[in-house]
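Trainee: I'd like to ask some things about the structure below.
The values are calculated or read from the model by the stated rules, or taken from the named source; none is laboratory data. Here the structure is a predicted model, which is why all the values come from computation and not from measurement. Because the Cβ atoms are built from the backbone with ideal geometry, glycine has one as well, and the counts that use them run over all protein chains shown.
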Amino acid sequence: MTISYREDKCFTPEQVEALFLSVGWLSGKYPKRLAKALNGSDTVISAWDGSRLVGLVNAIDDGELTAYAHYVLVHSAYHGHGIGKELVRRLKEKYRGYLYLLLLADDPNNIPFYEQYGFTATGSTPMMIMTEETP
């Protein structure tokens, strides 16, 4: 298995759908909207096994001080191969020099993964509102 990494937005709705659904994420049920949202991100770093999208991290930023990583995910069949580690490394490199790089670890079981790369759980309570689902 040879994994390549790209910082572009060259993926199809079907490719992001397969990736997101492989880990059970709700946004994968809306592949066209998801692809559009990713294309609107400031940064998308993706991992590929040939033509198969196997990992992705995205971020939005203010251009100077703060970046927010929303998605960090690796296809379920590719867990344990260092892909997540490399995606986070590349994300940190991209935003080196920013004052804050924030991400939401919505599953407490993922906190140790992020802590090993220098992230700190702040104890803050993230808040969100989920609007009514639309197709």
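Trainee: State whether the residues of segment 126-135 include one that is at positive phi and assigned to a loop (DSSP other than H, G, I, E, B).
Mentor: Here is the first cut: in segment 126-135, the ones at positive phi are none.
Looking through segment 126-135, none of the residues is at positive phi and assigned to a loop (DSSP other than H, G, I, E, B).
Trainee: Residues that are of a type in the set (Asp, Glu): which helices (runs of 4 or more DSSP H) entirely in segment 1-108 hold 2 or more of them? Write out each step before concluding.
Mentor: Values: elements: 13-22, 31-39, 83-94.
Correct list: 13-22, 83-94.
Trainee: Sticking with this structure for a sec: Scan segment 106-127 and give yes if some residue there is surrounded by 19 or more Cβ atoms within 10 Å (Cβ to Cβ), more than 22 Å from Thr12 (Cα to Cα) and under 15 Å from the mean Cα position of the chain (by Cα), otherwise no.
Mentor: Let us first name the residues in segment 106-127 that are surrounded by 19 or more Cβ atoms within 10 Å (Cβ to Cβ), namely none.
No, segment 106-127 contains no residue that is surrounded by 19 or more Cβ atoms within 10 Å (Cβ to Cβ), more than 22 Å from Thr12 (Cα to Cα) and under 15 Å from the mean Cα position of the chain (by Cα).
Trainee: Then there's this: Against the condition surrounded by fewer than 13 Cβ atoms within 10 Å (Cβ to Cβ) and basic (Lys, Arg), how does Arg89 come out, does it pass?
Mentor: Values: surrounded by fewer than 13 Cβ atoms within 10 Å (Cβ to Cβ): no; basic (Lys, Arg): yes.
No.
Trainee: For segment 72-100, how many residues meet the condition of being under 24 Å from Pro13 (Cβ atoms) and free of Cβ contacts under 8 Å to residues at least 24 places away in the same chain?
Mentor: The first filter runs over segment 72-100 and keeps only residues under 24 Å from Pro13 (Cβ atoms), leaving 72-79, 83-84, 87, 90-91.
Those left that are additionally free of Cβ contacts under 8 Å to residues at least 24 places away in the same chain: 79.
Of the residues in segment 72-100, 1 are under 24 Å from Pro13 (Cβ atoms) and free of Cβ contacts under 8 Å to residues at least 24 places away in the same chain.
Trainee: Kindly check whether there is at least one residue in segment 23-36 that is exposed (fewer than 15 other Cβ atoms within 10 Å of the Cβ), out of contact with any Asp or Glu (no Cβ under 6 Å at 6 or more places or on another chain), within 23 Å of Glu93 (Cβ to Cβ) and not acidic (Asp, Glu).
Mentor: no
Trainee: Trp48 fails exactly one of the following numbered conditions: (1) among the aromatic types (Phe, Trp, Tyr); (2) more than 26 Å from Glu17 (Cβ to Cβ); (3) out of contact with any Asp or Glu (no Cβ under 8 Å at 6 or more places or on another chain). What is the number of that condition?
Mentor: Condition (2) is where Trp48 drops out.
Trainee: Test of understanding: among Leu19, Leu65, which residue is surrounded by fewer than 16 Cβ atoms within 10 Å (Cβ to Cβ), in contact with a strand residue (DSSP E or B) (Cβ under 7 Å, 6 or more places away or on another chain) and of a type outside the set (Phe, Trp, Tyr)?
Mentor: Working: Leu19 fails: surrounded by fewer than 16 Cβ atoms within 10 Å (Cβ to Cβ).
Step by step, each of Leu19, Leu65 is checked, and only Leu65 is surrounded by fewer than 16 Cβ atoms within 10 Å (Cβ to Cβ), in contact with a strand residue (DSSP E or B) (Cβ under 7 Å, 6 or more places away or on another chain) and of a type outside the set (Phe, Trp, Tyr).
Trainee: Among the residues of segment 10-50, which ones are among the β-branched types (Val, Ile, Thr) and within 16 Å of Leu73 (Cα to Cα)? First the steps, then the outcome.
Mentor: Initially, segment 10-50 is screened for residues among the β-branched types (Val, Ile, Thr), giving 12, 16, 23, 43-45.
Residues satisfying the conditions are Val16, Val23, Thr43, Val44, Ile45.
Trainee: Being closer than 25 Å to Ser27 by Cα and at pLDDT below 75 is the filter here; which residues of segment 106-132 pass it?
Mentor: Listed by number, the residues that qualify are Asp106, Ser124, Thr125, Pro126, Met127, Met128, Ile129, Met130, Thr131, Glu132.
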